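Every read-out reported here was derived from the displayed coordinates using simple, explicitly stated rules and does not represent laboratory data. Not measured: the values here are computed from a predicted model. Neighbour counts are summed over all protein chains in view; Cβ atoms, including those assigned to glycine, are modelled from backbone coordinates with ideal geometry.
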Amino acid sequence: MSRLPSESELRRTGATIAAAQAACGAIPWDVAGDTAGKVDPWDHVEAAMGLLATGFDDEAAAAYDFLARTQRADGSWPVEWRLGEDGTPRVVDAGFDTNLTGYVAVGIWHHWRTRGEVHAVKAWWPMVRTALDAVVALQLPSGAIAWATGEYGPAAHGLLAGTSCLHLALRCGAVLGDVVGDPRPDWRRAAGRIAAVVAARPDDPRVFDPKPRYSMEWYYPVLGGALRGPAAHDRIEARWEEFVVPGLGIHCVDDHPWVTGAETCELALALTALDRRAEAARLVADMQHLRDEDGSYWTGYVYPDDARWPIERSTWTAAAVILATQVLADRAVLVGASNHARMFGNT
């Protein structure tokens with residue numbers, strides 16, 4: 001299928017996410033495969049957005065309620081849980097990753113923009129406030145956000161992709177604060193500092209631990225809204241031929257012939273932010289070879305071997321397809337990809 005999925009096809013995709021969700025509300029990585037049972041807070045939120053966008057409102061609410069119940073006193077969540085046979089989550093990595101913690105604000109913002117339910121925002125606001133306060137407390141003098149903290153204190157550097165994503169989370173959180181009558185100008189200031197350092201020093205190893213082989217490091221400054229205008233176009237053009245494989249999608253890393261669906265759809269969202277909609281639509285159509293007959297999506301494809309890899313159909317890939325397709329069809333609010341005038345008004 002080399003076209004954008006239809007609304008009914010997206011509904012089937014949302015149903016595969018809903019079917020994977022545990023009774024506690026947690027959404028594991030995988031429909032059924034190598035990573036079945038793994039849960040992390042970032043991909044859980046992405047999957048929850050996919051559920052809401054395809055009409056699984058109760059399931060999306062259950063996903064956010066799960067996070068509200070499991071948030072730690074410091075505002076964070078574990079890096080990873082595993083679901084037992086009875087569906088009970090067990091912490092297997094208790095670390096504190098700032099990007100995994102802050103992304104909840106994007107999900108709740110998406111819920112508000114999609115459903116307009118202020119009462120729901122108010123119910124989840126304490127969770128968002130505590131999470132983003134924890135993130136801002138780890139902003140470094142450079143403006144980057146320390147990517148993690150733990151026994152020995154915060155990391156000395158940020159990650160470019162993670163800090164760029166937190167720019168989006170802080171802007172979304174500030175809007176939610178306005179909605180509930182709890183303005184957070186400190187979050188807007190923190191986002192402004194992120195935008196400044198991403199624009200001025202994206203490749204400075206004294207600021208960001210370099211991860212140049214990953215496509216996420218290439219496009220996330222645009223996807224998260226930290227980089228705009230001609231500089232954003234220039235960044236996309238600079239490595240287009242390294243990452244984009246016509247007809248298949250984009251590489252996850254620049255040194256392996258492996259295309260991945262979620263990264264392809266995220267790049268499409270970034271391109272939509274730059275009004276490059278035709279290129280964005282082409283990318284989403286190109287990656288449809290990863291669609292399974294039940295509507296779920298394989299994570300990636302190693303094209304010289306004609307092999308799916310890893311052996312998983314990931315809920316977060318399915319969600320990325322849903323969000324990118326609906327944005328391109330003008331059936332959804334933009335998450336992480338609009339120009340800020342459309343996304344945040346004059347905030």
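For the peptides 227-233, 20-26, the ranking by packing is 20-26, 227-233, with the highest mean count of neighbouring Cβ atoms within 10 Å listed first.
If I take every Cα pair under 8 Å that is 6 or more residues apart in region 33-140, average their sequence separation and divide by the length, what percent do I get for the relative contact order?
29
Debye-formula intensities of region 1-128, expressed as log10 I(q)/I(0) at q = 0.18 Å⁻¹, are -0.96 (one equal scatterer per alpha-carbon, no solvent).
For the chain, the relative contact order comes to 20 percent (Cα pairs under 8 Å, sequence separation of at least 6). A run of the chain free of exposed loop cleavage sites, with GluC sites (Glu not before Pro) counted only in DSSP states other than H, G, I, E and B and at most 12 other beta carbons within 10 Å, reaches its longest extent at 152-292.
Comparing Ala161, Ala190, Val128 along the charge dipole axis of region 58-216, the residue lying farthest to the positive side is Ala190, per the Cβ-charge model.
Derived scalar couplings between HN and Hα for region 129-146 equal 4, 5, 5, 6, 4, 5, 5, 4, 5, 9, 6, 8, x, 5, x, 5, 9, 3 Hz in order, rounded to whole Hz, by the Karplus curve 6.51 cos²θ - 1.76 cosθ + 1.60 (θ = phi - 60°), x for Gly and Pro.
Net charge in the neighbourhood of Asp133 (other residues with Cβ under 15 Å of its Cβ; Lys, Arg +1, Asp, Glu -1) is +2.
Taking Cβ atoms as reference points and 12 Å as the exclusive limit, the residues near Arg282 contribute a net charge of +1, counting Lys and Arg as +1 and Asp and Glu as -1. This model, with +1 at the C-beta of Lys and Arg and -1 at the C-beta of Asp and Glu, gives the chain a dipole about its Cα centre of some 1160 debye.
Applying the Karplus relation 6.51 cos²θ - 1.76 cosθ + 1.60 with θ = phi - 60° to region 80-85 yields 3J(HN,Hα) values of 8, 10, 10, 7, x, 4 Hz, where x marks Gly and Pro.
Residues whose amide H comes within less than 5 Å of that of Asp30, counting only those at least five positions distant or on another chain, are Gly37, Lys38, Thr315 (H built at 1.01 Å from N in the peptide plane).
For the chain, what is Rg from Cα atoms divided by 2.2 N^0.38 Å, rounded to two decimals?
0.91
Among residues other than Gly192 with Cβ under 11 Å from its Cβ, the summed charge is +3 (Lys and Arg +1, Asp and Glu -1). Simple rule: put +1 on each Lys or Arg Cβ and -1 on each Asp or Glu Cβ in region 7-340, find the dipole, and look at Thr98, Gln139, Val302; the Cα lying farthest toward the positive end is Gln139.
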